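First up is the structure itself, then whatever we jot down about it.
The values are calculated or read from the model by the stated rules, or taken from the named source; none is laboratory data. Quick caveat, the model's predicted, so the values are computed rather than measured. Glycine also receives a Cβ, built like all others from the backbone with ideal geometry; neighbour counts cover every protein chain displayed.
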Amino acid sequence: AIGNMGRAVGASLLGPARERFDWAGMFFAFGAFMLLAFVVVRFLHLPAHQVSLDRLEREHREQVPPDLGGARVPR
């Protein structure tokens, strides 16, 4: 979902950016956005997030009866 949102926002920004910048400016802006994305990803705590997801899935498995979830609930 976030990837699709990023593609949509990027595509919507491409038109106005092409009106204001030449191709060199576009490449510079693309590089700046890539650097910004790298910095943001460095500050995400992905291992802690994975631990939280595993805990939530385990709790969900314990709460959902096997006949309700069927094959969709991993056991």
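In segment 46-75, how many residues are at pLDDT below 65 and small (Gly, Ala, Ser)?
The number of residues fulfilling the criteria is 3.
Condition first: at pLDDT below 85 and surrounded by 10 or more Cβ atoms within 10 Å (Cβ to Cβ). Now tell me which residues in segment 1-12 satisfy that.
Gly6, Gly10
State the number of residues belonging to segment 21-33 that are surrounded by 10 or more Cβ atoms within 10 Å (Cβ to Cβ) and assigned to a helix (DSSP H, G or I).
Residues in segment 21-33 being surrounded by 10 or more Cβ atoms within 10 Å (Cβ to Cβ) and assigned to a helix (DSSP H, G or I): 9 in total.
Would you confirm, using the coordinates I've provided, whether Ala17 is assigned to a helix (DSSP H, G or I), at pLDDT 90 or above and surrounded by 10 or more Cβ atoms within 10 Å (Cβ to Cβ)?
no
Are there any pairs, at least 6 apart or on different chains, whose C-beta atoms fall under 7 Å, with the first in segment 18-42 and within 17 Å of Arg7 (Cα to Cα) and assigned by TED's automatic domain parsing to the domain that holds Arg7 and the second part of a helix (DSSP H, G or I) and not aliphatic (A, V, I, L, M), and if so, which?
Pairs found: Met26/Arg18.
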